[in-house]
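Below you'll find the structure, written out as structure tokens, and then a few comments.
The values are calculated or read from the model by the stated rules, or taken from the named source; none is laboratory data. What you are looking at is a predicted structure, and each value in this text was computed from that prediction instead of being measured. Here the Cβ is made from the backbone with ideal geometry for all residues, glycine too, and neighbour counts use every protein chain on show.
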Protein chains: 2
Amino acid sequence: MIVRHMLNQMPALDRLFHALGDPARRAMIERLSRGPAPVTELARPLPMSLPAALQHLGVLETAGLVRSEKIGRVRVCTIEPHALSLAEQWISARRSEWEQRLDRLGDYLNTLDDKGDDDGANR
Amino acid sequence: MIVRHMLNQMPALDRLFHALGDPARRAMIERLSRGPAPVTELARPLPMSLPAALQHLGVLETAGLVRSEKIGRVRVCTIEPHALSLAEQWISARRSEWEQRLDRLGDYLNTLDDKGDDDGANR
DNA sequence: CGATCGATAAAGTGATTGCTTAACTATCGA
DNA sequence: TCGATAGTTAAGCAATCACTTTATCGATCG
């Protein structure tokens with residue numbers, strides 16, 4: 001129970017990636033990327049009951065990916081772009097790390113190459 | 001049409017985002033972004049047993065995020081950058097969709113603003 | 001008004017996750 | 001060769017997940 005607490009400094013990213021790890025929820029996000037939609041329209045293409053779709057929507061809202069507002073008897077859902085960009089930032093941070101590392105590796109190999117006097121055709 | 005196709009299966013993205021939805025696995029990815037590491041070193045900072053860490057590593061490998069090679073008695077793990085960029089592509093595709101939509105909305109509002117000339121385009 | 005449509009709550013179920021401990025294999029170093 | 005090191009397998013267990021069905025509530029309309 002405490003196990004996850006110590007490590008878990010960013011529950012936002014947890015919920016975010018978890019929310020994206022389901023095809024039904026990604027389909028909802030894809031639909032909402034093109035504009036707001038009511039619950040029923042989000043649920044219609046999904047091969048599941050309406051309550052099930054609503055639960056997925058709840059996951060998306062908890063993750064901060066979707067916001068919804070009830071107008072009359074219809075709940076209109078809209079995407080929350082900032083949340084997605086948080087995930088994007090984490091990914092691109094990782095990429096910049098390994099790219100930096102590969103650059104340093106390249107420099108190191110170049111140094112070795114400069115030191116080698118006779119054979120320039122190694123590997 | 002497309003919806004059904006997209007829903008049917010995109011197991012790669014499923015596994016990818018699911019793998020990223022756990023802090024222990026993200027910690028492993030963060031470590032590997034700085035360079036290859038053996039299993040024990042990946043597991044050491046995590047508040048769990050070694051077999052548990054190994055299971056997380058299995059999830060990362062299944063998702064294609066990590067590749068590992070056994071050298072002697074140590075298994076050296078390295079990150080697989082291409083897999084992460086797949087997730088990044090999905091996210092940025094969504095963003096470009098809603099940015100396009102917002103652009104169109106902005107254009108529409110601008111045409112409403114410039115009502116000096118006639119357009120007569122009512123939707 | 002009553003019927004219906006959209007959304008939601010509640011409860012139950014089978015599968016999957018995340019972790020544990022225990023035992024076991026293979027390699028390395030002295 | 002012996003014992004420590006690095007990893008691997010297996011079994012088991014509690015919690016969570018992704019659904020289901022059933023029953024409801026509130027808004028809209030004939």
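Go through segment A:20-45 and give me each residue that's surrounded by 20 or more Cβ atoms within 10 Å (Cβ to Cβ), out of contact with any strand residue (DSSP E or B) (no Cβ under 8 Å at 6 or more places or on another chain) and closer than 21 Å to residue A:70 by Cβ.
Selection gives A:25, A:43.
Residues are listed down the side, and each one gets a yes or a no for (1) at the interface with another protein chain (Cβ under 10 Å from one of its Cβ atoms); (2) closer than 30 Å to residue B:53 by Cα:
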| residue | (1), (2) |
| --- | --- |
| A:20 | yes, yes |
| A:31 | yes, no |
| A:35 | yes, no |
| A:43 | no, no |
| A:46 | yes, no |
| A:54 | no, no |
| A:69 | no, no |
| A:77 | no, no |
| A:85 | yes, yes |
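Select, from A:85, A:49, A:96, A:68, the only residue that is touching an Asp or Glu at 6+ places or on another chain (Cβ under 7 Å), polar (S, T, N, Q) and at negative phi.
A:68
Of all residues in segment A:46-86 being modelled with pLDDT under 95 and closer than 18 Å to residue B:20 by Cα, which is surrounded by the fewest Cβ atoms within 10 Å (Cβ to Cβ)?
Ranking the candidates gives A:85 first.
So residue A:118 ticks every box in (1) over 30 Å from residue B:82 (Cα atoms); (2) more than 14 Å from chain B (Cβ to nearest Cβ); (3) at pLDDT 95 or above but one. Which box is left unticked?
(3) is the only condition that residue A:118 fails.
Just give me the residues in segment A:37-89 being of a type in the set (S, T, N, Q) and within 17 Å of residue B:101 (Cβ to Cβ), in sequence order.
Selection gives A:78, A:85.
Right, residue A:104: touching a Leu at 6+ places or on another chain (Cβ under 8 Å) and either at pLDDT below 95 or within 11 Å of chain B (Cβ to nearest Cβ) (or both) or not? Even if it seems obvious, please write down each step before you answer.
Values: touching a Leu at 6+ places or on another chain (Cβ under 8 Å): no; either at pLDDT below 95 or within 11 Å of chain B (Cβ to nearest Cβ) (or both): yes.
Here the answer is no, as residue A:104 does not meet what is asked.
Residue-wise test of (1) within 13 Å of DNA strand C (Cβ to nearest atom); (2) touching a Pro at 6+ places or on another chain (Cβ under 9 Å).
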site	(1), (2)
A:14	yes, yes
A:24	no, yes
A:29	no, no
A:39	yes, no
A:48	yes, no
A:60	yes, no
A:67	yes, no
A:81	no, no
A:93	no, no
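Give me the pairs, please: first residue somewhere in segment A:23-46 and more than 21 Å from residue B:12 (Cβ to Cβ), second residue anywhere and away from DNA strand C (no atom under 13 Å from the Cβ) and of a type in the set (A, V, I, L, M, F, W, C), beta-carbon distance under 6 Å, and either six or more positions apart or on two chains.
A:32/A:79
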